[in-house]
1. So, Thr442, is that one within 24 Å of Leu324 (Cβ to Cβ) and hydroxyl-bearing (Ser, Thr, Tyr) or not?
2. For the range 30-43, give me the residue count where each residue is in contact with a Ser or Thr (Cβ under 6 Å, 6 or more places away or on another chain) and β-branched (Val, Ile, Thr).
3. With the structure loaded, tell me whether Ala235 is more than 17 Å from Met336 (Cβ to Cβ), modelled with pLDDT of 95 or more and under 17 Å from the mean Cα position of the chain (by Cα) or whether it fails that test.
4. Which condition does Met354 not pass, out of (1) aliphatic (A, V, I, L, M); (2) assigned to a helix (DSSP H, G or I); (3) crowded, with 19+ Cβ neighbours inside 10 Å; (4) out of contact with any Phe, Trp or Tyr (no Cβ under 6 Å at 6 or more places or on another chain), if it passes all the others?
5. Go through the range 444-467 residue by residue and tally those that are surrounded by 17 or more Cβ atoms within 10 Å (Cβ to Cβ) and either without any contact (Cβ under 8 Å) to a residue 60 or more places away in the chain or touching an Asp or Glu at 6+ places or on another chain (Cβ under 9 Å) (or both).
6. Is it the case that the range 63-71 has a residue that's more than 27 Å from His192 (Cβ to Cβ) and among the polar types (S, T, N, Q)?
7. If Ala339 satisfies every condition in (1) under 25 Å from Trp185 (Cβ atoms); (2) small (Gly, Ala, Ser); (3) not in a helix (DSSP H, G or I) but one, which is the exception?
Amino acid sequence: MSKTIVWFRKDLRLHDHPALVEAAAHGEVLPVFILPKVRHAASDWWLHHSLLEIIQRFEDQQIQFIIREGQPVEQLMKLIEESGADQLTFNELYDPESREIERELAKACEKQRVQVRSFQGTLLVAPDVIFNKTNQPYKVFTPFWKRLRQEPIAAPFATPELIPSTVKYYSLSSGEWGLLSANRWYDKLMNHWQPGEVAAMERWETFRDSGLYDYLVGRDLPAQASVSRLSPYLAWGNVSVRSLWHGAIAAADDVGDQQVEAFIRQLAWRDFDNYQLLYFPEMITKPVRPEFEKFPWQPADSRLEVWKTGHTGYPLVDAGMRELWETGYMHNRVRMVVASFLIKHLLIDWREGMAWFEETLVDLDIANNAMGWQWVAGSGFDASPYFRVFNPILQAKKFDEDAQYIKKWLPELTDMPVKFVFEPAEAPDDVLKAAGVTIGTTYPAPMVDHQAARARALAAYDTCKNT
């Protein structure tokens, strides 16, 4: 009987796990996870609790889930030697570092005559099958989406039957993982989330039975429960994207084709983010449009901290930043507004905002985060034009017209009439007094004037564009 090491990474689940299915078909399974060396606080909190769950799920089947730290190839080869495993399987990732590690691992296993098998188990479609008519990778989403729709999306695998094993190997205890930072600011995240595969499936069922019915319009309204909130579960692979795709398709008769199309299109955006990262890996560190290398960014001074803490004087921006700090999450419409504010109202480099999101998002996906910031900055291939400057006041009036979202995250504005809540500094004195609001004390004055900031942003873009 064969013994197979299954290397888990961004796929912490048992359902639709091709590498696990392959291993189970050949005999005994030895699952292992190598702790990442780069740390991101909120994402690490999610990882910690996801690992606790998957360890327990394997333990329920009398199988040890091994946790180790160090250089992945070194640790995996060491485990092969310890266990006598003759096969190693994993689901592929598409960031530059992961791809290089996978290549090194294949070479090391070949030397030891250990069979290595890798699978496409993290995206809808393998990135190396989608190219344009000139056999080049797509740079724009819409043609990519049309091409992806021509590909069959593989049906998800069921959770396999596993053979129990009494053999134990060295594994780090949860107290040795080092995933929870010392100041424990993340403890509040448990008030909003339950990580892991079981919670992911429950979250999907709730969304399918409620939010999916209104997804096409409701997904833009941050006060409504119309978004899936599945992104953190996708980030660490607690849920399979293929299972969501097929689950949504199956719900079309109940919720309507338009709602389903809008949802699965968002799943395809996740594929496109990782697709772009594979073929344009520089997107993580620099603008993919070279003219933006010369953009005249302003220093990341105290204004960056004002933005981070949600004290800009623009209620929708502040509500979004406070939601992020409290929950590790922010509604996507609001993410675009707060990013635009940092980049275009304050002229602070998009990489500063990207780094803050890396620290605070429970749904951190490196490809999605980089592409999102480059989209807003105008420096990505398929980006919003730089001259599109979101007006945070108009955005609030359009997408939070009853101010429910703003008042939820800015309790100091609870008693402010909706008519004035989008621009508190413009409210009459008697309204401010009645609402218990003092501009500059209980709620800040706008840190910049929108029209002046917009004009400055466009002037900065002109200097970049003309160099």
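1. In short, yes.
2. Final tally of qualifying residues: 0.
3. Considered against the rule, which asks whether it is more than 17 Å from Met336 (Cβ to Cβ), modelled with pLDDT of 95 or more and under 17 Å from the mean Cα position of the chain (by Cα), Ala235 comes out as yes.
4. Looking at each condition in turn, Met354 falls short on (4).
5. The qualifying residues number 3.
6. Yes, there is a match, as at least one residue in the range 63-71 is more than 27 Å from His192 (Cβ to Cβ) and among the polar types (S, T, N, Q).
7. Unmet for Ala339, out of (1) under 25 Å from Trp185 (Cβ atoms); (2) small (Gly, Ala, Ser); (3) not in a helix (DSSP H, G or I): (3).
Residue-by-condition table, conditions (1) assigned to a loop (DSSP other than H, G, I, E, B); (2) in the same structural domain as Arg333 (by TED's automatic domain parsing); (3) free of Cβ contacts under 8 Å to residues at least 12 places away in the same chain:
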site	(1), (2), (3)
Ser181	yes, no, no
Phe207	no, no, no
Val217	no, no, yes
Val227	yes, no, no
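The values are calculated or read from the model by the stated rules, or taken from the named source; none is laboratory data. Values in this document were obtained by computation on a predicted structure and should not be read as measured data. Virtual Cβ from ideal backbone geometry, glycine too; neighbours counted across all protein chains shown.
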